[in-house]
Amino acid sequence: MSSKPFELRAGLLGQAEGILTSRYHQEYERLRYLCDRNIIDPKTVAWPMPPSAEEIIAEAEKLYKFVQTK
């Protein structure tokens, strides 16, 4: 039995996690930069949350739909 479907799903989950983690870090660093320069007040900032498992799965599903299109 081939593990290709499993490998595809695992790869898509990894890509989705990478995409969302990168977005999280970019937003966090942007806000930190603004706070460090007193452009915004850290107490009023809506700090980003790391991606949840549900968000990663949803992103992987979007990637999978793209892979399925011809």
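Where a number appears in this text, it was derived from the coordinates with a stated rule and is not lab data. Just so it is clear, the model here is predicted, and its values are computed rather than measured. So basically every Cβ, Gly included, is an ideal-geometry build from the backbone, and we count neighbours across all protein chains shown.
List of remarks:
- Nearest-ten-degree value, helix 53-68 long axis tilted from longest Cα axis of the chain: 50 degrees
- In the chain, the longest principal axis of the Cα atoms and the axis of helix 4-36 are about 10 degrees apart.
- Inter-probe distance in nm under a simple model that places probes 7 Å from Cα toward Cβ, at residue 6 and residue 61: 2.3 nm
- Recomputing Cα Rg over 2.2 N^0.38 Å from the coordinates shown identifies the correct label among (i) 1.11; (ii) 1.43; (iii) 1.52 as (iii).
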